[in-house]
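**Student:** After the structure tokens below, expect a handful of questions from me.
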Amino acid sequence: MNIETAHLICYSPTRTTFTTIQHIANGMDVPTTQSLDLTLPPGASDAEISIKGGIAIIGVPVYAGRVAPMAAERLKALRGNNTPAIIVVVYGNRHYDQALYELKTLVEASGFVVVAGAALLGEHSFSTPEMPIAEGRPDESDKMAARDFGASVTEKLKHLSDLSALVPLKVPGAFPEGAYAGPRKIVPDWKASLCILCGLCAEHCPTGAITVGKTVTFDASRCTVCCACVKGCPKGAVAFNQPKIHNIAGVLHTNCKTRREPELFL
Ligand SMILES: Cc1cc2nc3c(=O)[nH]c(=O)nc-3n(C[C@H](O)[C@H](O)[C@H](O)COP(=O)(O)O)c2cc1C
């Protein structure tokens, strides 16, 4: 099978997943790429998105050991039409637990044929200069691993006459049981003295939880604690300082220092 187009599909509030799947696509060396970024709230016309032909590279971040819930929600709009797909979970050096298995299940339910998978590393959303967690990842070594993975998928497909000849892919884990156990209904702290009301936090928010006027307000029922607003604020006016997030970040900073490496499934 020769692949002409790669559809780069991601949900990526702090952009490590976005960067990672771009490197995979670079390694695949396909003539055309098309981007479908599911990070921002969808418009009314995006109720159903049909992907046909080429290959899809579908990347999501891991939240509490599973596919970030908002990503899982937005992936439901996709129709795969038997398009081959590479599935990618990006996580912050704790673990990806059930996320890759869950993503495989969701993507197959949408009509894609999963040909390869990877669990790759990104700076943890809760990482700060004071309490770094996987800071700076994906780094050069991660990017090279992503490119090499892309090249290996191209090579694998070259030797495949068609998708019916594919040996079903196995990835570790099981479909997660129970409700999502990650943090929710928490909003960031906002420092009026530092804020210039530029509105970038609201622009970056994947759930439309932020309103900027003469002041900045956060809707706790919509906030997913993704930290896009924190990392996107040029003035450091937005931060999660509450004990709950601060304590989680502290535990991760202490316990997740050993570098985890990319895991590839081909
Ligand atoms: C609410 C939340 C929960 C997270 N849970 C995990 C986790 O279980 N394991 C892990 O290693 N990283 C976890 N992370 C870190 C993200 O997976 C990681 O930072 C990822 O690179 C973010 O992707 P993005 O840059 O595309 O948003 C979590 C991040 C957030 C915001």
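**Student:** With unit charges on the beta carbon (Lys/Arg positive, Asp/Glu negative), name the residue among PHE18, GLY111, ASN2 whose Cα is farthest towards the positive pole of the charge dipole of segment 1-139.
**Tutor:** Toward the positive end, the furthest listed residue is GLY111.
**Student:** Write out the cysteines belonging to the chain for which the nearest other cysteine Cβ is not under 4.7 Å, or none if no such cysteine exists.
**Tutor:** Lacking a cysteine Cβ partner under 4.7 Å: CYS10, CYS195, CYS198, CYS205, CYS223, CYS226, CYS227, CYS233, CYS256.
**Student:** Sticking with this one: Please check: in the Gaussian network model of the chain (C-alpha springs, under 10 Å), which one of ALA146, ALA249, ALA165 has the largest mean-square fluctuation.
**Tutor:** Taking springs between Cα atoms under 10 Å, the residue moving most is ALA165.
**Student:** Need one number: nm distance between label points at ALA77 and ALA220, each 7 Å from Cα along Cα→Cβ, rounded to one decimal.
**Tutor:** Roughly 2.9 nm, to one decimal.
**Student:** In percent, how large is the relative contact order of segment 92-140, given Cα pairs closer than 8 Å and 6 or more residues apart? Kindly include the intermediate steps, with their values, before the conclusion.
**Tutor:** Values: 42 pairs, mean separation 18.9, N = 49.
After rounding, I find 38 percent.
**Student:** Structure shown: which of LYS104/LYS143; LYS76/LYS158; LYS143/LYS191; LYS52/LYS231; LYS76/LYS231; LYS191/LYS257 lie over 24 Å apart, alpha-carbon to alpha-carbon? Numbers along the way, then the final one.
**Tutor:** Numbers: LYS104/LYS143 22 Å; LYS76/LYS158 30 Å; LYS143/LYS191 35 Å; LYS52/LYS231 34 Å; LYS76/LYS231 27 Å; LYS191/LYS257 30 Å.
The pairs that break the limit, which is 24 Å between Cα atoms, are LYS76/LYS158; LYS143/LYS191; LYS52/LYS231; LYS76/LYS231; LYS191/LYS257.
**Student:** Over segment 189-241, what is the relative contact order in percent, taking alpha-carbon pairs closer than 8 angstrom and at least six residues apart? Could you put the intermediate results ahead of the total?
**Tutor:** Working: 69 pairs, mean separation 23.9, N = 53.
Here the relative contact order equals 45 percent.
**Student:** Further, regarding this structure: Helix-only estimate, please: 222 nm mean residue ellipticity of the chain, summing -39500 (n - 2.57) across DSSP H runs of length 4 or more and dividing by its residues, to the nearest 500.
**Tutor:** Values: 7 runs with 73 residues, N = 266.
Taken over the chain, the calculation gives -8000 deg cm²/dmol.
**Student:** Once both labels are modelled 7 Å past Cα along the beta-carbon direction, what's the SER141-THR254 spacing in nm?
**Tutor:** Rounded to a tenth, the inter-label distance reads 2.6 nm.
**Student:** For the chain, set up a GNM with springs between Cα atoms under 10 Å and report which of GLY65, GLY178, GLY53 has the largest fluctuation.
**Tutor:** GLY178
**Student:** So what is the relative contact order for the chain, in percent, with contacts set as C-alpha pairs under 8 Å and at least six apart?
**Tutor:** Working: 550 pairs, mean separation 56.5, N = 266.
About 21 percent, as a whole number.
**Student:** Right, something else. Please identify the chymotrypsin sites (Phe, Trp or Tyr not before Pro) of segment 177-250 that satisfy two criteria: DSSP loop assignment and at most 16 other Cβ atoms within 10 Å. Which are they? Don't jump to the answer; show the numbers that get you there.
**Tutor:** Numbers: sites: TYR180, TRP190, PHE218, PHE240; in loops: TYR180, PHE240.
Answer in residue order: TYR180.
**Student:** Moving to a separate point now. On C-alpha positions alone, give me the angle between the axis of helix 99-109 and the longest principal axis of the chain, in degrees, nearest 10.
**Tutor:** Orientation of helix 99-109: about 60 degrees from the principal axis.
**Student:** Cα atoms only: what Rg and Dmax, in Å, come out for segment 172-261?
**Tutor:** Both quantities, over Cα of segment 172-261: 15.4, 49 Å.
**Student:** Here's another thing I want to ask about it. Taking 37 °C and 0.692 mPa s as the conditions, I'd like the Stokes-Einstein D for segment 189-241 in µm²/s, using the Kirkwood hydrodynamic radius from alpha carbon pairs.
**Tutor:** Roughly 304 µm²/s, to the nearest whole number.
**Student:** Would you kindly compute the Cα radius of gyration of the chain and its largest Cα-Cα separation (Dmax), both in Å?
**Tutor:** In order Rg, Dmax, the Cα atoms of the chain give 18.6, 62 Å.
**Student:** Could you derive backbone 3J(HN,Hα) for segment 132-148 from the dihedral phi with the Karplus parameters 6.51, -1.76 and 1.60 (θ = phi - 60°), listing whole Hz in sequence and x where the residue is Gly or Pro?
**Tutor:** Karplus values, whole Hz, x for Gly and Pro: x, 9, 6, 4, x, 8, x, 9, 4, 5, 5, 5, 5, 4, 5, 5, 4.
No lab work stands behind these numbers, since they all come straight from the coordinates. No experiment lies behind these values; they were computed from the predicted model shown. Ideal geometry is used to build each Cβ from the backbone, glycine not excepted, and the neighbour counts take in all protein chains shown.
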